[in-house]
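Read through the structure below, which is laid out as structure tokens, and then see the notes.
The values are calculated or read from the model by the stated rules, or taken from the named source; none is laboratory data. Model, not experiment: these values are computed from the prediction. Cβ sites come from the backbone with ideal geometry, for glycine too, and all protein chains shown count toward neighbours. Keep in mind that these areas ignore ligands, DNA and RNA; they rest on the heavy atoms of the full protein, side chains included. Shrake-Rupley method; radii C 1.70, N 1.55, O 1.52, S 1.80 Å.
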Amino acid sequence: RTTMKSLRFISAEAFVSNAEFARKSLSTVAHDLFPLLFKASYLLEQGEVIHDLVENWPLLDFNMGKLLGATLDYQEDLSHRTCSVCLESCLTGLRDYVLNHSSPYMKKLKVVDLTGIKDVEVQFCKCKKTMGRWARTQLLSKLCSELLVYLQRAQCNPGTFEISINVLIDLFVTERNYELVVQALLKKCSCPLKICCVAFRSDNLTLQKFFYIIKLTDPSLLRKLEIVHNVHLEMEHLEMLFNSIHFPLLMSLTLPARTFNVRRFTATDEQMLTNVGEKMGEMTQLTELSMSFSILTGRIQKLLSPLKTPLKVLDVSNCSLNHADMAYLANSFHANHLECLDLSGHDIPELYPSTFFKLLSHCSSVLRSLTLEDCNIQDTHVNMLILGLSPCQKLQEFKFIGNPLSSQALKHLFTFLCELPMLKNVEFPVPRDCYPIGITYPIDDASLCRFDHQKYERVAEELNLILLQANREDVKASTPLFGSYDAAVQETNNELGAYLIKSFKETLEKFTASFNKMS
């Protein structure tokens, strides 16, 4: 698919395609053409030109999302191109903007917004080398520290220290880049480039380090907080976090697995849960909440009823919800506003079919994404599911991996899915008849790949043909056996793997030591 370009954009491409000429001529370019030249350079991966454009940026702000998004001159959105060449050139250009010897009074730049960059699975840049969120965090922190060292050592124009640029970024911190980010945040006051953390994700961090760095980020500005893999945060720590730090602008909160476990609850824990719910209620902007793999049986109301703002995104996958929880969700004021809902890991047809369909009918006018993985949806439930999904005319994404459905049932379901006008992405299970007879669900990891791959390919072709015949080539259908693409995990999987091996080794050593004592 080709996107139309204006004559202005074609001229901009021609100008930047000769890097040497473009760099020499920048001083003669009108200021209002810089955004146009930036997008053209980004499309052509002209790193040197990008660097010089940023180094000499003449405008008050530099917003990556807007600069790379759809424009009148070129409709294609390039903000999902996390091209390493382009992004490194941007950030080093920013450092050199501060160091550039032109008079500081000529420098207008006040805000750099890097939050519009989107990390996606398929990259279209020629270099095929991406710079993900973790690497952007690493590089910006490194450049800020280096900049400060240079300014302190060199005989700089005194006006250089007057430069103050807020750099809005989504930080991603793990054990491996922790020290670097901490140093950059500690020196924020004296550095001309001031890291302003809008979203914060942490993986593989001790609680002590997490608590320390989250305070350095200036939580009053934080809109999104993700505490995901290998941060051993439990409910008592969450209560401490909310008691000691205020998050007035927080819109999105993701908590790690096993934050809550009501099976071990004492009276003190019940009070703690109430306190956590009340603290979340004080976050008046909170509309997105993810609490997957916690055990929350019978406590959803206690946790969610204090919220003043209806949730738009709710992930309670594998949270052992009971009928009372589902009834609360279906009847709560959140139901009419839910745009993204994940109820994976619950036996919906067996436990609460009617309550689930009530919830679905309440959110049907706004629902964009529905995830029902490992929910024991069988062939006999498909007609009911179709009935429930019919009003969901805004649904863009439907994921139902891990359900025991036959190829015939999938074909029936796909015929219906073609009728949902906004649908773009479907993740469907390997048909039950592709597995050996007697396979039990949920399928364990060891058996997950033991299916008839040729038969699966035939069925997948037939399902895609159904989409094709209904003129729905715009729908992407796939079976990601080990879960959907996660850019953050993909980028740090080596560190994550090393951490898991280390944890396993430590557990094994403790077990061996205990066993030896018993012997």
Quiz item: List, please: which pairs have Cβ atoms under 6 Å, are six or more places apart or on different chains, and start with a residue in the stretch 216-245 that is under 13 Å from LEU171 (Cβ atoms) and end with one that is open to solvent by 70 Å² or more (accessible area, probe 1.4 Å)?
Solution: ARG223/LEU249; ARG223/MET251
Practice problem: Have a look at VAL430, VAL426 and point out the one that is assigned to a loop (DSSP other than H, G, I, E, B), touching a residue at least 12 places away in the same chain (Cβ under 8 Å) and open to solvent by less than 60 Å² (accessible area, probe 1.4 Å). | Solution: VAL430
Quiz item: Which of the residues belonging to the stretch 39-75 are farther than 17 Å from PHE15 by Cβ and of a type in the set (Gly, Ala, Ser)?
Solution: GLY65, GLY69, ALA70
Quiz item: Residues of the stretch 405-422 being surrounded by 22 or more Cβ atoms within 10 Å (Cβ to Cβ) and assigned to a loop (DSSP other than H, G, I, E, B), which ones?
Solution: LEU405
Quiz item: What about LEU143, is it within 22 Å of SER190 (Cβ to Cβ), outside the structural domain of LEU43 (by the TED database) and in contact with a Ser or Thr (Cβ under 8 Å, 6 or more places away or on another chain)?
Solution: yes
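PRO248 - would you say it is farther than 21 Å from HIS337 by Cα, open to solvent by 30 Å² or more (accessible area, probe 1.4 Å) and not in a helix (DSSP H, G or I)? Spell out the reasoning first.
Numbers: farther than 21 Å from HIS337 by Cα: yes; open to solvent by 30 Å² or more (accessible area, probe 1.4 Å): yes; not in a helix (DSSP H, G or I): yes.
In short, yes.
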Practice problem: Would you be able to tell me the number of residues in the stretch 469-491 that are open to solvent by less than 60 Å² (accessible area, probe 1.4 Å) and under 17 Å from PRO421 (Cα atoms)? | Solution: 4
Quiz item: If you take the residues in the stretch 252-309 that are in a loop (DSSP other than H, G, I, E, B) and β-branched (Val, Ile, Thr), which one is nearest to the chain's Cα centre (by Cα)?
Solution: THR287
Practice problem: Go through the stretch 375-398 and give me each residue that's closer than 15 Å to PHE356 by Cα and either assigned to a loop (DSSP other than H, G, I, E, B) or at pLDDT below 95 (or both). | Solution: CYS375, ASN376, ILE377, SER390, PRO391, CYS392
Quiz item: Of these, ILE401, ILE466, which one is in a helix (DSSP H, G or I), modelled with pLDDT of 95 or more, buried (at least 16 other Cβ atoms within 10 Å of the Cβ) and touching a Phe, Trp or Tyr at 6+ places or on another chain (Cβ under 8 Å)?
Solution: ILE466
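So if I check each of VAL167, VAL198, which one is in a strand (DSSP E or B), open to solvent by 10 Å² or more (accessible area, probe 1.4 Å), among the β-branched types (Val, Ile, Thr) and modelled with pLDDT of 95 or more? Explain how you work it out, then say what you get.
Numbers: VAL167 fails: open to solvent by 10 Å² or more (accessible area, probe 1.4 Å).
Testing whether each residue is in a strand (DSSP E or B), open to solvent by 10 Å² or more (accessible area, probe 1.4 Å), among the β-branched types (Val, Ile, Thr) and modelled with pLDDT of 95 or more leaves just VAL198.
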